[in-house]
Amino acid sequence: GAVVSQHPSRVICKSGTSVKIECRSLDFQATTMFWYRQFPKQSLMLMATSNEGSKATYEQGVEKDKFLINHASLTLSTLTVTSAHPEDSSFYICSASAGVEAYGYTFGSGTRLTVV
Amino acid sequence: QKEVEQNSGPLSVPEGAIASLNCTYSDRGSQSFFWYRQYSGKSPELIMSIYSNGDKEDGRFTAQLNKASQYVSLLIRDSQPSDSATYLCAVKPAGGGNKLTFGTGTQLKVEL
């Protein structure tokens, strides 16, 4: 159990365009989803926490208008990178929690974003 | 002081040996601790969680927690080349909601 699906796995976009990344919990209801960014050879950096039906909570230094997060249902959260620039190129990973410790925190497979 | 600290490594062990990975944390009230394995270019996968002092075993993996000393460790017995990866320690701090705080990870290399 506790499978999280993330799409797309890779995306290349032109500078100035927007990219949407989807994160779905397949076999449980994710009360909370987390979005991380990871640069090469660095650890995970939490960008924001989203709870179903409410606004996301962004970590300090993360632009909420640039990284739009929607958590409209208990199984789906989306991250939209707006007006992407080359410096936004990174590995974006979502993680979902069912609020039950036994499930731990399950990660999606990640999205490699390259902005050209 | 970082909230969760790990030696970045690389930690090199020969095949068949025991690999010992350590992690210390600063929030004394933390209650939940997790070890994740991350292969290069992939997302982290949960290996083990531990909540109580002592040892917790799962196959070749043993997690050890000592809340008084604020450290958690992961032992990998009979290390295999396929265990070569970065191991991330994650802690759920007290009062931090559901979010986890991650260490920077320890790179493990299991050599033939």
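Okay, here's what the table says:
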{"quantity": "Residues of the stretch B:69-104 satisfying the condition of being in a loop (DSSP other than H, G, I, E, B) and modelled with pLDDT of 95 or more", "calculated": "B:69, B:70, B:77, B:78, B:79, B:80, B:84"}
{"quantity": "Members of the stretch B:33-42 that are more than 9 Å from chain A (Cβ to nearest Cβ) and either surrounded by 14 or more Cβ atoms within 10 Å (Cβ to Cβ) or within 14 Å of residue B:100 (Cα to Cα) (or both)", "calculated": "B:33, B:35, B:37"}
{"quantity": "The one condition in (1) closer than 24 Å to residue A:95 by Cα; (2) more than 13 Å from the chain's Cα centre (by Cα); (3) open to solvent by 30 Å² or more (accessible area, probe 1.4 Å); (4) modelled with pLDDT under 95 that residue B:30 fails to fulfil", "calculated": "(3)"}
{"quantity": "Subset of the stretch B:43-57 that is modelled with pLDDT of 95 or more and open to solvent by 70 Å² or more (accessible area, probe 1.4 Å) - its residue that is nearest to residue B:3 (Cα to Cα)", "calculated": "B:53"}
{"quantity": "Cβ pairs under 6 Å, 6+ apart, first in the stretch B:68-80 and under 14 Å from residue B:27 (Cβ atoms), second of a type in the set (Ser, Thr, Tyr)", "calculated": "B:70/B:24; B:70/B:25; B:71/B:24"}
{"quantity": "Candidate set: the stretch A:4-49, residues that are modelled with pLDDT under 95, among the β-branched types (Val, Ile, Thr) and in contact with a Phe, Trp or Tyr (Cβ under 8 Å, 6 or more places away or on another chain); chosen: the one farthest from residue A:105 (Cα to Cα)", "calculated": "A:49"}
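The values are calculated or read from the model by the stated rules, or taken from the named source; none is laboratory data. No experiment lies behind these values; they were computed from the predicted model shown. So basically every Cβ, Gly included, is an ideal-geometry build from the backbone, and we count neighbours across all protein chains shown. For accessibility, only protein heavy atoms count, side chains too; no ligands or nucleic acids. Shrake-Rupley method; radii C 1.70, N 1.55, O 1.52, S 1.80 Å.
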